Amino acid sequence: MRAYQILPGANIDGLQCVDYPDRELGIGEVRIRVHAVSLNYRDLMVAGGNYLVTVDDPVIPCSDGAGEVLAVGPGVTRVREGDRVAGAFFPHWIEGAPTPAKIRHSLGGDIDGMLAEEVVLHEDALATIPAGLSFIEAATMPCAAVTAWNAIFVSSNQLKPGDTVLLLGTGGVSVLGLQLARAAGLRTIITSSSDDKLARARELGAHHTINYRAIPEWHDEVLHLTEGAGANVVLEVGGQGTVNRSVSAAAMGGTVAIIGGVSGFGGEVNPASLLATAKRMVGIYVGSRSMLEDVMRFADVSGVKPVIDRVFPFGQAQEAYRYMESGSHFGKVVIEVSARA
Ligand SMILES: NC(=O)c1ccc[n+]([C@@H]2O[C@H](COP(=O)([O-])OP(=O)(O)OC[C@H]3O[C@@H](n4cnc5c(N)ncnc54)[C@H](OP(=O)(O)O)[C@@H]3O)[C@@H](O)[C@H]2O)c1
């Protein structure tokens with residue numbers, strides 16, 4: 001079978017398609033024919049050698065993939081041949097709160113990921129795909145959708161329908177966050193550098209949109225749109241350049257979910273900006289397999305169809321990475337591994 005591999009830090013040019021030998025399945029292991037893989041900002045970080053964890057040897061990249069079970073090893077009970085499955089970002093974080101052991105390994109980070117024709121995963125790392133989701137749609141869920149789900153529905157103060165969610169930019173996490181929040185009856189405000197992307201966000205049901213280039217003081221605009229109340233949860237993907245504005249835009253008692261750093265990491269947050277307003281900042285690190293099951297079930301039941309900006313064939317993984325790097329996408333970029341995706 002063929003698989004891509006990359007030495008972290010070798011950049012996109014270092015992404016190579018190679019022949020991989022098959023190996024026998026051990027106890028509890030499952031062989032999966034991968035149909036679709038989606039890209040995340042994190043895959044660019046791995047390629048650039050800037051990701052949180054790194055390794056000295058090449059890895060099969062990408063955390064997010066979906067496919068069907070080809071064969072099961074001894075002792076497997078959770079899945080059967082032919083089942084449709086997605087792999088969990090952290091193979092050992094099944095449920096509950098994270099621990100160092102649960103998040104020690106992540107697909108496409110320090111261990112082999114999903115950008116391959118076939119992968120072998122432990123049965124515990126698999127979530128069954130509901131009937132209403134295609135392989136391509138399910139392939140967008142393990143990182144981006146789980147992260148948004150964790151931020152909005154698990155790690156924030158309990159939200160009520162009608163509460164406000166603020167989403168920054170129109171990348172994978174934010175657009176999925178918009179779709180999930182909208183389907184759950186939450187008020188949504190989303191920012192972007194592009195009016196065209198904001199128009200697409202309104203088509204998806206965004207209640208309010210703000211161009212953060214045209215309105216650099218976008219946090220004031222969030223307060224204005226919410227009659228001074230602010231957002232009950234902010235999906236903070238911007239990092240250094242946005243975090244203080246996100247805190248300002250949050251409601252009293254609201255949550256700033258610290259997710260990413262597309263504008264860089266660093267900077268300072270004044271503790272006083274949280275104190276008298278009882279705002280909370282909480283770090284989000286993707287989520288568990290159980291969150292993956294929950295978000296896929298919610299998408300199935302509510303009819304959420306993840307926005308797929310563009311699908312590249314397996315042979316054009318480098319082109320897919322470069323397109324992602326250009327930042328011109330809205331939602332998710334997918335690599336179709338097999339024609340059955
Ligand atoms: N902690 C976690 O578990 C976790 C999980 C997933 C992702 N992340 C992180 O979250 C971030 C987003 O990931 P992603 O996969 O969604 O990325 P992505 O699809 O590449 O989206 C990035 C988007 O960020 C927006 N952006 C860029 N600069 C911005 C700024 N100064 N202010 C506001 N928005 C800005 C752009 O939107 P416009 O083009 O609309 O301006 C861009 O499309 C990354 O830092 C990633 O590492 C963390």
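Descriptive notes on the structure:
- Hydrodynamic radius of segment 9-100 by the Kirkwood approach over all distinct alpha-carbon pairs: 15.4 Å.
- Gain in span if fully extended, Arg202 to Gln16, counting 0.36 nm per residue against the direct Cα distance: 63.1 nm
- Site pair Ile215 and Arg80 shows an inter-label distance of 5.4 nm when each label is modelled 7 Å from Cα along Cα→Cβ.
- Cα centroid of segment 307-338 to Cα centroid of segment 13-29, whole Å: 22 Å
- Mean separation of Cα pairs under 8 Å and 6 or more residues apart, divided by the residue count, gives the chain a relative contact order of 20 percent.
- Per-residue ellipticity at 222 nm from helix content only, as computed over the chain with -39500 (n - 2.57) for each DSSP H run of at least four residues, stands at -6500 deg cm²/dmol.
- Per residue accessible area in Å² of segment 156-283, where ligands, DNA and RNA are left out and the probe is 1.4 Å: 44 Å²
- Rounded D (µm²/s) - segment 156-283, Kirkwood Rh over Cα pairs, Stokes-Einstein at 4 °C, 1.567 mPa s: 91 µm²/s
- The chain - percent of accessible surface contributed by carbon and sulfur, probe 1.4 Å: 50 percent
- Percent of alpha-carbon pairs separated by more than 29 Å within the chain: 36 percent
- Potential lengthening between Gln158 and Val301 on full extension [0.36 nm per residue; Cα-Cα distance subtracted]: 49.4 nm
- Here the calculated FRET efficiency for Asp124 and Thr277, from their Cβ-Cβ distance with R0 = 45 Å, stands at 0.65, rounded to the nearest 0.05.
- Note on segment 78-157: Cα-only Rg and Dmax are 13.1, 41 Å.
- Our estimate of slack between Arg104 and Ala71, defined as 0.36 nm per intervening residue step minus the Cα-Cα distance, is 9.2 nm.
- Once you reduce segment 207-245 and segment 47-79 to the center of their Cα atoms, the two points are 36 Å from each other.
- Over segment 18-170, the fraction of Cα-Cα pairs per 5 Å bin, rounded to whole percents and listed from the shortest bin up, is 2, 9, 17, 20, 20, 16, 9, 4, 2, 1, 0.
The values are calculated or read from the model by the stated rules, or taken from the named source; none is laboratory data. Predicted model, so just to flag it, every value in this text is computed and none were measured. Quick reminder, even Gly has a Cβ in these numbers, built from the backbone with ideal geometry, and neighbours come from all protein chains shown. Heavy atoms of the whole protein, side chains included, go into the accessibility calculation; ligands, DNA and RNA do not. Shrake-Rupley method; radii C 1.70, N 1.55, O 1.52, S 1.80 Å.
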